[in-house]
Amino acid sequence: MRAIVLILASIATGFAAENTQALFKELATNGTPGARRDELVAKLSACTFSEVGTLAVQAICKSQAGYIYNTMTRKPWLEDGCPESERIRYAAGAIWHAVTERAEAGSLSEPLARLSLEDRPEGERMFYLNALFYRHYDQRAKAALERLAHDEAQPPEIGVKAAEILVQKADANAYMHALIEACDRIKDALPRSERFRFATERLAGKISAESKKMILNYGFAQLTHIDDGEAGRGYFLAMHLGSIIGIKPIRDGQGAFAPDQRLQQYQGEHGLKDSFFQDTVNNAQEWWRKNKKDYVQQG
């Protein structure tokens, strides 16, 4: 009898999965009427993460959002002006939001980490990693993230994102070296410096002296790589490194190392001249030349 019950349950589960996939296919088909798509959003939003999570992400990642929708109704899939591809994206996004909002804290950490490891399009994997980063991380995701951060065969952005989550959510001191190694796998200097900056934000005052040295040595090396000496490339990185050091801005509202933006020499016809941004970089570089001896790394 128990065997029969299990067989029937298995059949029911398989039927439910096929039915869910059919409904999602209808939702993601061009030309599905708005009213019907709205019904599908309501029906699929009642499903579990395991039933619709990956289907929603596949639909979301097939197009880029650009349409500005009515914030009163919050149903762009019903608006005539919304392109069809974005109607599908927004409908799938509403389903994702509803399903993940119901999940208990931490319950999606392991499933999201597992999905980010799978052989899927990079955009989908990044979606799962971002979901971990912004809401669903707990220590059950750590092992998978460590694999991604250390695996040189992974796409560089995947490795960096995994390392960033570990630095920001687990232990910045324990994973700083992994983050730097992952960033080094990004070949282009400017994207590499930006990803490193994003990954080390909000760490001032929260890291060990050795981690601070690692950030400054690597960060100033990146600043040198991207500085063209004219256009102020590296302006944001320079200010970020100043915040890690603890440099006080010259005026409230400005960043570390930035000169006084009120000075006439920096005023251009359409805003601040490039020289303002370049002088910020120059100030940071000059500080490092004078002080880097105090930040020699051990080993």
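With respect to the conditions (1) within 21 Å of T29 (Cβ to Cβ); (2) part of a helix (DSSP H, G or I); (3) among the hydroxyl-bearing types (S, T, Y), T100 falls short on a single one, namely (1).
Looking at the structure I just gave you, is L129 in the same structural domain as E157 (by TED's automatic domain parsing), touching a helix residue (DSSP H, G or I) at 6+ places or on another chain (Cβ under 6 Å) and under 20 Å from F198 (Cβ atoms)? Yes, satisfied.
From the list T54, T100, which one is of a type outside the set (D, E) and either in contact with a His (Cβ under 9 Å, 6 or more places away or on another chain) or assigned by TED's automatic domain parsing to the domain that holds M126 (or both)? Reasoning before the result, please.
On the way: T54 fails: either in contact with a His (Cβ under 9 Å, 6 or more places away or on another chain) or assigned by TED's automatic domain parsing to the domain that holds M126 (or both).
So the residue among T54, T100 that is of a type outside the set (D, E) and either in contact with a His (Cβ under 9 Å, 6 or more places away or on another chain) or assigned by TED's automatic domain parsing to the domain that holds M126 (or both) is T100.
Only one of the numbered conditions (1) of a type in the set (D, E); (2) at pLDDT 95 or above; (3) under 31 Å from the mean Cα position of the chain (by Cα) is violated by E286, and that is (3). Considering R135, R114, the condition of being more than 25 Å from D184 (Cβ to Cβ), assigned to a helix (DSSP H, G or I) and over 16 Å from the mean Cα position of the chain (by Cα) is satisfied by R114 alone.
Restricting to segment 150-162, and then to whatever is among the small types (G, A, S) and either crowded, with 24+ Cβ neighbours inside 10 Å or not assigned by TED's automatic domain parsing to the domain that holds A182 (or both), can you tell me which residue is nearest to R185 (Cα to Cα)? The extreme case among them is G159.
Note on segment 59-91: among residues that are aliphatic (A, V, I, L, M) and in contact (Cβ under 8 Å) with a residue 12 or more places away in the chain, the one that is nearest to F127 (Cα to Cα) is I60. Within segment 250-271, does at least one residue satisfy the condition of being touching a residue at least 40 places away in the same chain (Cβ under 8 Å), farther than 20 Å from D184 by Cα, surrounded by 15 or more Cβ atoms within 10 Å (Cβ to Cβ) and not basic (K, R)? Checked against the condition, which is being touching a residue at least 40 places away in the same chain (Cβ under 8 Å), farther than 20 Å from D184 by Cα, surrounded by 15 or more Cβ atoms within 10 Å (Cβ to Cβ) and not basic (K, R), segment 250-271 yields no hits at all.
The values are calculated or read from the model by the stated rules, or taken from the named source; none is laboratory data. These numbers were taken from a predicted model, which means no experiment stands behind them. Note: ideal-geometry Cβ built from the backbone for every residue, glycine included; neighbour counts use all protein chains shown.
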